[in-house]
Amino acid sequence: MLKLLGAVFILLATTWAGFETAKHISERPRQLRQLKVALQALEAEIMYAHTPLKEAAATLSKQMPKPLSWFFEVFSKRLSAGHTSVRAAWENSMQEVWRMTAFKQGEYEIMKQFGETLGQHDLLSQQKHIRLALAHLEREEADALDRQSRYEKMLKSLGFLSGLLLVILLM
């Protein structure tokens with residue numbers, strides 16, 4: 001009876017681990033879509049509403065789901081403090097919030113590069129930089145969707161099957 005209970009716990013734990021790993025893979029495309037929406041909203045705020053950057057970031061922090069809302073909230077607060085440049089505020093905000101996201105190094109580089117141009121140019125050039133970042137994020141999203149379709153089901157199965165193997169070996 002105790003062996004059976006232990007086997008069930010092992011199976012549940014490894015299956016849960018497989019599902020959590022798969023969740024991380026499925027989280028990335030969703031967050032990339034949200035990031036693209038956020039950049040499009042930022043473009044609209046800057047181009048058409050002529051909203052100052054710190055106000056646009058504060059607005060986005062209220063509209064976006066977590067963890068992106070945290071990023072824009074931190075960015076807005078850093079800009080409001082006024083002790084730093086836009087570039088430094090963007091980069092520091094990214095470093096603070098990035099570990100809470102499902103993003104990879106590619107997205108980090110795209111956003112870092114975008115942050116270097118933010119607030120440095122006229123409206124038309126700024127719009128071109130936003131569109132360039134969106135194009136790069138589109139490519140990353142295609143890669144993330146490809147990885148999700150390839151690996152998500154495998155990771156779920158692998159969690160269960162590794163638990164089953166462990167139970168068989170221990171019996």
*Could you list, in sequence order, the residues of the range 45-67 that are surrounded by 13 or more Cβ atoms within 10 Å (Cβ to Cβ) and among the small types (G, A, S)?*
A56, A57, A58, S61
*Test A81 against the stated conditions and say whether it is out of contact with any strand residue (DSSP E or B) (no Cβ under 8 Å at 6 or more places or on another chain), within 21 Å of T101 (Cβ to Cβ) and without any contact (Cβ under 8 Å) to a residue 60 or more places away in the chain.*
no
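Could you tell me whether E55 is farther than 16 Å from F114 by Cα, part of a helix (DSSP H, G or I) and either modelled with pLDDT of 90 or more or of a type in the set (G, A, S) (or both)? Lay out the reasoning, then the answer.
Numbers: farther than 16 Å from F114 by Cα: yes; part of a helix (DSSP H, G or I): yes; either modelled with pLDDT of 90 or more or of a type in the set (G, A, S) (or both): no.
Taking the combined requirement at face value, the residue does not satisfy it.
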*For the range 119-171, which residues satisfy the criterion of being open to solvent by 80 Å² or more (accessible area, probe 1.4 Å), touching a residue at least 12 places away in the same chain (Cβ under 8 Å) and farther than 27 Å from R30 by Cβ?*
Q120, L170, M171
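The values are calculated or read from the model by the stated rules, or taken from the named source; none is laboratory data. Note that the structure is a prediction, hence the values are computed from the model and not measured. Reconstructed Cβ throughout: ideal geometry from the backbone, glycine too, with neighbour counts over all protein chains shown. For the accessible areas, the whole protein counts, side chains as well, though only heavy atoms, and no ligand, DNA or RNA atoms are used. Shrake-Rupley method; radii C 1.70, N 1.55, O 1.52, S 1.80 Å.
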